[in-house]
Structure formats: C-alpha cells, structure tokens
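What follows is a set of notes on a single structure, which appears directly below.
Every number here is computed from the coordinates shown, using simple stated rules; none is lab data. Being a predicted model, the structure only gives us computed values, none of them experimental. Counting neighbours? That spans all protein chains shown, and the Cβs are built from the backbone with ideal geometry, glycine included.
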Amino acid sequence: MELECRRASLHRPGEDLHKRDEPSLQEAINLKLVESGEKEKLKDLLRERLIECGWKDELKAQCRAFTRKRGRSNVTIDELVRAITPKGRALVPDDVKAELLQRIRTFLLSVQF
Amino acid sequence: MVTKSSSPCYRPCEHLVDYKSKHSTRGFRALQRCIVVLPPGRPSVRTLSCDEDPVPRCASCAKSHGRLYACLICSTISCYSSSSSHARSHALELPGHELAIDLDRAELFCCICNDQVYDADFDWVVVCAHASSLAKCTSFSNGRTAPPLNVYSRKRNRGAEYKPWEPSSKDPLVLERGAAPLGLRGLTNMGSTCFMNSVLQALLHTPPLRSYFLGHCHNKAACQSKVCLGCDMDDMFAAAFSGDRTPYSPAQFLYRRYLFLFSFLNSWWQHAANLAGYEQQDAHDFFISAVEGIHANSQQPELRKGNDAECRCIVHRVFSGLLRSDVTCTACGFTSTKNDPCVDISLDLESTALEKQIYASSSTLLGCLDRFTRPERLGSNERFFCESCQSRQEAVKQMSVRKLPVVLCFHVKRFEHSAKNYRKVDTYVQFPLSLNMACYLSSSIARLRHGNRLIFVEGKGELGGDNDSGSTSPSSEFELFAVVSHSGKLDGGHYVAYLRLGGEWYKCDDAWITRVGESVVRATQAYMLYYVQRSLSDESSTTIPERFNQHQTLVLDEKIGYTSLLADAVQA
C-alpha cells in the first residue's frame, strides 16, 4: 500500500535529491502507521473491501488469463506481478480509495508528531 | 488427504529437490506452529517480535514493507525485490539456504530461481495449520466482528466470505403470512412508459434471467462500462426482489435505453422525437432493444459472438432460437434451406378467406403458428433463383423452428406502420397456458412435407441432427408465465402485463398490481406472450388440456392434405 503525499515544503527544490538524516514526511507517516499497528489494520480493511467488491476475483481472472497465455512454466512471480500491477491499481474502485484515505487522514489527525 | 506425489505438470526446481532430500518434511512441520490464519482465511507466518519492534524486518536492510522471506534453515528474514534481493544474497552466501517462506502468504520461495515453488507436503502443513487455527478462533483475530451482510446493498456482496445462515425468529412469520409472491413490485409510469414497464415485468419474472441476475452473475462492481443495461437490470432485480412493495422507478433503464437507441441505431429523428414528447413506444421494439443492449454489455466478451445463434451471453442463451426457412422450387423440387437466429417469433394476424377455410382460424395462437409454418406459395414477382434448374422459378416457402429457445416470446403483429396503412388490428387471439411446439419443429415439418421417404431418416439428409420430435419430447413443452397486452387505439393506448406466479395471475398496470382471475387474462388482447420450457417453469400445470390435443391432430390431418397436393403438383 503506498501513500501518495507531497513532500513537506521544508525542502527547497534541488535538496530533495540528497538523502537527509531526518526521515521525510512520507517515511515518518509510514513509520507512525507501522508502529501503532494501524498499517496492519488498514491492510486488513483494504483486503476485505477488495474482496467484497470483486476486485480480487477480477484480478485472479486476469492472472489466470496471463498465465494461460504465456504457459504455466514460462511465468515467474515477478513477471506476473509486473504485468498485473498496473491493471490492479487501475481497477481499485474509487470509493475504496476514498475510504482508506479517509481512515489515514483520521489517524493522522489523532496522532502527535 | 493430499497425495504424496506432485502433480504431473509441475516440476520442482533442483534446489527444492535438494532440500527435500536432505531435510524431508522436518522443516515444514516445524513451521506449522508458526503459521497463523488471518482474516479472510489467509495463511501467514507469525514471527517472534520484541516490544520495541513489532514488525518483521530484513536482516540486511531493516526494510519492513514489500515481500519478506524467512530462510527455512536459519530463519533469517530477508527482503526481496526484483532490483535488489537480500534473500538472494543470503542464499548465495550460504549454500543449502536457498529455500525460504513468504511471510505474508506462507508460500515456498526459491531464492536462486527467484520464483515460488510448490510442494505437496508443505501445502499439507499449511492446510493443517489452517484447520487447527479455525478450530480455535471464534471471531476475527483482530477483534473485529463481522458486519451484517445486506445482500442487496451495492457492491458489498460479491465474493464476500461465506457465513453460515441461521433462521431468525422473523423468518417463520414471513413464511406463514403467505406473503405476496417474491419480486412483485409496481413500476412507476414516467410518462407513457407503460410500453417499457410491461416488458420489464415480464423480464423480471423470466425464470432463467431471474436466476442469473439474482445470482449476481453480472458483476456490477467489476463492470467497466459507464452505460450498462446489465447493471441496470441487476439494480432492477435487486429492487424488485428486495421485499419493498412501493413502486419502483426504472429511470436508469429508461435513460439508458434512449442512450442506447441513440448510439446504436443512430437515428436522430427517433431519438429527438422520443425525448421531446415521451411518445408511446412499441413494447416489442423495447424488448428487442433491451435484449440487444444486455447482449452488448455482456461482461464476458469472449462469449459474445457476432452470430447470435452461437452467442453465449445470458439474453441469447435464454431467448435465442433458430428459425428455418425452406424454399422449394416448384419446377424441380430442389429445396434451399436457411437457418436464422431469432429472439422471438412474430405472428401475423390477417388471413385471407381461403386460408380461413383450410386452417384453424388465426384467432388462436396455434392458428397463428399453423399459418406461420404453412407452405406459402411465393408470387410470380417473387421468384427465386433455383440452383438446380439454374433459372428463376416459382417457389414454395415454409418456415419451421429448427431450435427452440429456453424462453419463447411470441409477438402478435397488431400494429401496421406502412406507407398506406397505420393501424391496429384488434382481433382477439386465444392462447393456451401450456404449449407444445413439437409439431412446429423443423423435423416434424420436414417429415410432413415428404411423408415417410426413407432418405429422410433421422440424422441423415436434411434433418441433420434434429431430435426425434414426433412425440412430445420434454424440451418442446412450454408454460406461459407472462402476457403483455395492449388496449385502446394505436396512439394513446395502454400496455399492461399479466404475470403468472404461484398458480395465480397478477395484473401489473404500471405502479398498480392486483391479483386477477384466469378468465380476465384469457380475455385480454395479447400482444406479447412469454413461454418458458416446462422444466424451468415454476408452474407446471398437471392437467392435460383435452381440446389442445384434439386440435393438434386436426391440424396435422389438414397439413398432410395440403402437402400431398403440393407433392402431386411438383411431380406433374
């Protein structure tokens, strides 16, 4: 699950390239999510929603189709992941995205940084 | 019990074979204690964690997201990505440590081959772990209780985890009350939309369609189209069978249909005229466009073929039959045969005085069918090109049913829109509740045409693979389940639907549904009749209509009379 958020405007353009000692905003959020166990909960929620809306079945079908086309012994996990990931991302329903973003937002508001 | 031998198509990699030969199943069985089953039934590996750091991390780079693998030999956790694989480095450094287990998924992974590998004994361990963890837990391991599943809420029911159902205290009450039949719900008239409402009522109670949509075979959530009649049908079925008896507005269907008409028929005037005045449309036209629309939005494009006869989309599987047309040259007797798919059978009402003498009057459905399948002499200005004579000849044409659909829809042609005529035929048409189509099948018709010539034995010659339908075969018996009738004049008339449910008839007049007696239905001016194959009908009638059988015999005799005349004429 990837967070898409803008880097804090603390950094001037050009300075982003260097690795800073302090974690970036994205990394800090991720750390917070992981430490509190919230990330695991969000992952579970996402899994549940994606099954409910049929996304998992759809992706399963796509994977099967891909594997069938290439031949079972000609496909590795990496190739499959690489081929299916863009489709999978595109097929996530908007309301699932919205719900998760809302949860993340709520969590961030409740947490001290 | 999982078989010890691996499937013949799968070959484990050399590293797995190596590992198995050295360690057999000891490593797997040790893992069994570590495998937990997280909701929704996903086996996963539980790692030892300390309080400061509850998450597993790669031993080399401390990464905690992405794919993590634990070595089967030394339990070292390493990360994997296609660009940098610490799991691979670990395996390269330490020979014998090639195999690892995916922490999130409990799958075996070979770090040298960079791919998942499979082993029956390992899978058996996972299954055992799964079973024992299920036995222990009573609620989800994260403490959440399952949300109640509302079967009819959008998007929340496809693929949901199975939960056993226990009847609640309300259920016996519902059964006892003898509630009105399921799925009976009025449809609001949105401005002369009775043409649509009546056909929709018939479709809502077409048994195979009902099963399809209530079974959520059209997955709305996964549907890619923005405009999808299939999704609208799904909505409508859900609404009709929701138990809510207040009238439902099939607004989406109406909107979509206009969009569909516009884009697929591309007829501006029709579109503009329709929208402008909400003019009364023809129910049969609507039925055809609805079928085409659902076909077009069928979610499995590989099932949709250009040829409707072979299309496996739900509407064609239900309504599509095959009509056969035989054109016989009067000079040499050569017959040219054509099979055309159809989703309904349109029947003419008019008959000449001569026809009235020979055939049962077309004021019955069977009479119309007789007329439909009778040999028809094509006029001298309609000569066809005979391949055997190599010249244009006068011909005789005969229609028959090559393949019966699951649901048979009859369209009684009451409306005439031609240049000279714009009128409605009000003739009353009598129709049976049970219908046997055996004598209208191509095999029956062909047999009658040629008598008992040996060259036309079953399976050979022009009969092809037709079933023996001289007798009443089960698939040619139909039961009536819906009638769409029209009352009033050509413009400004009104459509209602009659539905046969639970042995009773219900009149569906837009938003008003009333139970009516059979005599009311029999007296109505039928415009469209929907019959379903008896084996699928909810209402197989047990009485054999005596008069029906007699009528059938009478018709056959007359047919033989006419065709032997024809045979004489041909041989002359």
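Give the long-range amide H neighbours of B:VAL406: residues separated by 5 or more places, or on another chain, with amide H under 5 Å away, using H modelled in the peptide plane at 1.01 Å from N.
B:SER320
Would you grab the residues whose amide H sits under 5 Å from the one on B:ASP115? Only those 5+ places off in sequence or on another chain, please, with H modelled 1.01 Å from N.
Here the answer is B:CYS110, since their amide H atoms fall under 5 Å of that of B:ASP115.
How would you classify region B:69-112 from its alpha-carbon gyration tensor, with a ≥ b ≥ c the square roots of the eigenvalues: rounded for a/c under 1.5, else prolate if a/b is greater than b/c, otherwise oblate?
oblate
Under the Karplus relation 6.51 cos²θ - 1.76 cosθ + 1.60, θ = phi - 60°, what is the ordered set of whole-Hz ³J(HN,Hα) values for region B:287-292, x standing for Gly and Pro?
Each residue's phi maps through the Karplus curve to give 4, 4, 5, 5, 4, 5 Hz.
Can you classify region A:26-110 as rounded, prolate or oblate using the Cα gyration tensor, where a ≥ b ≥ c are the square roots of its eigenvalues, rounded means a/c under 1.5, and otherwise it's prolate if a/b beats b/c and oblate if not?
Prolate shape, in that a/c is at least 1.5 and a/b is the bigger ratio.
Could you go through region B:332-341 in sequence order and give the Karplus-derived ³J(HN,Hα) for each residue, using 6.51 cos²θ - 1.76 cosθ + 1.60 with θ = phi - 60°, rounded to whole Hz, and x for Gly and Pro?
With the stated coefficients, region B:332-341 comes to 10, x, 5, 10, 9, 10, 9, 10, 10, x Hz.
Rank the residues B:TYR118, B:TYR531 as a footprinting-exposure proxy: fewest other Cβ atoms within 10 Å of their Cβ go first.
Sorted ascending by nearby Cβ count, the order is B:TYR118, B:TYR531.
Using a 10 Å cut-off around each Cβ of peptide B:215-223, what is the average number of partner chain Cβ atoms that fall inside?
Averaged over the peptide's residues, the number is 3.
To the nearest whole number, what is the average tally of beta carbon atoms from other chains within 10 Å of the beta carbons of peptide B:75-87?
Counting Cβ atoms of other protein chains within 10 Å of each residue's Cβ and averaging gives 1.
Once you list every other residue whose beta carbon is under 12 Å from the beta carbon of B:HIS97, what net charge do they have if Lys and Arg are +1 and Asp and Glu are -1?
-1
Please label the shape of region B:14-135 as rounded, prolate or oblate, based on the square roots a ≥ b ≥ c of the eigenvalues of the alpha-carbon gyration tensor (a/c under 1.5 means rounded; beyond that, a/b larger than b/c means prolate, else oblate).
It comes out oblate by the Cα gyration axes.
Placing unit charges on C-beta atoms (Lys and Arg positive, Asp and Glu negative, everything else neutral), compute the dipole magnitude of region B:14-135 about its Cα centre in debye, rounded to 20.
180
Using amide H atoms built in the peptide plane, which far-off residues or other-chain residues are under 5 Å from B:VAL401 H to H?
B:ARG324, B:LEU441, B:SER442
How would you order A:24-37, B:233-246 from highest to lowest mean count of nearby Cβ atoms within 10 Å?
Top to bottom by mean Cβ count within 10 Å: B:233-246, A:24-37.
Mind checking the mean number of beta-carbon atoms from other chains within 10 Å of the Cβ atoms in A:90-102?
That average works out to 1.
Which whole-Hz couplings ³J(HN,Hα) result when phi for each residue of region B:163-172 is put into the Karplus expression 6.51 cos²θ - 1.76 cosθ + 1.60, θ = phi - 60°, listed in order with x for Gly and Pro?
Calculated HN-Hα couplings, in order: 10, x, 9, 10, x, 8, 5, 7, 5, x Hz.
Count the net charge of all other residues whose Cβ sits under 12 Å from the Cβ of B:PHE109, scoring Lys and Arg as +1 and Asp and Glu as -1.
Around B:PHE109, the charge tally is -4.
Sort B:98-111, B:331-344 by packing, meaning the average of other beta carbons within 10 Å per residue, with the highest value first.
Those peptides, ordered most packed to least, come out B:98-111, B:331-344.
To make sure I understand, if each residue's beta carbon is the centre and we count other beta carbons within 10 Å, what order do A:GLU79, B:GLU93 fall in, fewest to most?
B:GLU93, A:GLU79
How much net charge surrounds B:SER485 when only the other residues with a Cβ under 15 Å from the Cβ of B:SER485 are counted, with Lys and Arg +1 and Asp and Glu -1?
+2
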